[in-house]
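The values are calculated or read from the model by the stated rules, or taken from the named source; none is laboratory data. These numbers were taken from a predicted model, which means no experiment stands behind them. Here the Cβ positions follow ideal geometry from the backbone for every residue, glycine too, while neighbour counts run over all protein chains shown.
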Amino acid sequence: MTALIKQYAASVAHLFFPHLCSCCGTDVLHKDTLLCAPCLHQLPTTGFLQLPNNVMEVLFWGRTPIVGAGAAFYYTKQSAMQHLIKEVKYRNNPQMGKFLGRLLGYELQKTHRFDGVDALVPLPLNDKKEAQRGYNQAMMICEGLSEVWQKPIIGNAVAREQFTESQTTYNRVERWQNMEGVFNITQPEALVGKHIALIDDIVTTGATLEACGREITKVSGTKLSIISVAYTTH
Ligand SMILES: [Zn+2]
């Protein structure tokens, strides 16, 4: 009887608070996921997380010493991945960040390349931006990722100090210069001797991660990997 009532209550709840796929809107999906199975399977995995010298890793060559880098998915305009990242960054949907983090975790489970990582560090936002958004999307991604990939999160060892002007008009060199002094290590003792995976939602030029990663590698004995949910060339 109780089971029947629960089932009935769930049906009524579903009627008034439908649980819909974030991409296509179907209500045929498991309660613990945000995407239906067909949408999930259509997300474009990069397949290069497990490959050394991959296209994202090459971005950091000669700039920041890294153990490895990689992204789980390609990001293109008008794609499902663009929609999901927008949900996290602009539509106050932290749960989507955690969901994307779990997806990243499942992709990382397919490779041993990053097994040596000791802890996750989310790329920080500055305080004002984080207050505006209500959360740091990279932290949400870390939380989901660590559920699947079982690595601890170090969330308060790196600070982002200032606004940078809109970077859209800068070329690569100017972007790099514009990033000087933006990131500060506030708790080096939390990072000493550790292999850190710096985590972000999307990598384009890598300039921001490069700047943050460079500060991390100045801490004694650290190693750095850079991992993101998505990668795009534009
Ligand atoms: Zn769907």
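Quick rundown of the values:
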item	result
Qualifying residue in the range 78-87 (condition: closer than 11 Å to Q137 by Cα and of a type in the set (S, T, N, Q))	no
In the range 56-76, residue surrounded by the most Cβ atoms within 10 Å (Cβ to Cβ) [restricted to those that are in contact (Cβ under 8 Å) with a residue 40 or more places away in the chain and farther than 23 Å from W149 by Cα]	L59
Qualifying residue in the range 44-52 (condition: more than 13 Å from S225 (Cα to Cα) and within 16 Å of the ligand (Cβ to nearest atom))	yes
M56, sole failed condition from (1) more than 16 Å from the ligand (Cβ to nearest atom); (2) at pLDDT 95 or above; (3) farther than 20 Å from T217 by Cβ	(3)
Test result for T64, under 17 Å from the mean Cα position of the chain (by Cα), more than 16 Å from the ligand (Cβ to nearest atom) and closer than 15 Å to V203 by Cβ	no
Hey, E130 in a helix (DSSP H, G or I) and under 21 Å from G206 (Cα atoms) or not	yes
Test: residue in the range 27-41 that is away from the ligand (no atom under 16 Å from the Cβ) and either at pLDDT below 90 or not acidic (D, E) (or both)	no
